[in-house]
Amino acid sequence: MNIRQDVLELTAVFPVMMKYSDVCEALNISDKYLYKMLKNKKIVYLNLIKRKRIPRAFFVAYLVDDDSIRNVRFIKKVYTYILSIYPKIMTINEVCQVLNISKSTVKRMLADGDLSSIHYHDTAKIQIYKDSLIHYMIEHTVK
């Protein structure tokens, strides 16, 4: 995918995982119109329980009208790249930071068995396997 430099510079200010409000602001559209776009699968997005996140890479691909992003191998490559700066075992805070969601949402994902984790009972510390998170993200990506 050869992306124009100006598009990359314009989107660099947005978080890696964009919220509805980020995309609406960037495209200057209403949240209802964005909902229709997602429903019609115009933009690839990640469905996290009741929250939707649009990875910046998929938003850029939408802007340059590149349909190759619907390939599962490309999606896995994007998520692996996004998580490349994190260790193999991540804290709840790191997962919150990556997905742009709250701790309670991550804990709900853990309680539902969506993520594999390590529980340290003596300290009540929970850590999440990065591979499990990547697998979850791929499985919950709407193409």
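Tabulated data
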{"item": "Residues of the range 40-51 classified as surrounded by fewer than 20 Cβ atoms within 10 Å (Cβ to Cβ) and under 17 Å from the mean Cα position of the chain (by Cα), total", "result": "6"}
{"item": "Positions within the range 56-87 being in contact (Cβ under 8 Å) with a residue 12 or more places away in the chain and within 13 Å of residue 133 (Cβ to Cβ), in sequence order", "result": "76, 79, 80, 82, 83, 86, 87"}
{"item": "Test: residue in the range 68-79 that is closer than 14 Å to residue 137 by Cβ, of a type outside the set (Lys, Arg) and either at pLDDT 90 or above or not in a helix (DSSP H, G or I) (or both)", "result": "yes"}
{"item": "Yes/no for residue 132 being farther than 18 Å from residue 18 by Cβ, polar (S, T, N, Q) and not in a loop (DSSP other than H, G, I, E, B)", "result": "yes"}
{"item": "Single unsatisfied condition, residue 69 versus (1) hydrophobic (A, V, I, L, M, F, W, C); (2) touching a strand residue (DSSP E or B) at 6+ places or on another chain (Cβ under 7 Å); (3) more than 17 Å from residue 15 (Cβ to Cβ)", "result": "(2)"}
{"item": "Some residue of the range 32-39 being modelled with pLDDT of 90 or more, closer than 30 Å to residue 9 by Cβ and either among the acidic types (Asp, Glu) or in a loop (DSSP other than H, G, I, E, B) (or both)", "result": "no"}
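The values are calculated or read from the model by the stated rules, or taken from the named source; none is laboratory data. Just so it is clear, the structure is predicted and the values come from calculations on it, not from any experiment. Here the Cβ is made from the backbone with ideal geometry for all residues, glycine too, and neighbour counts use every protein chain on show.
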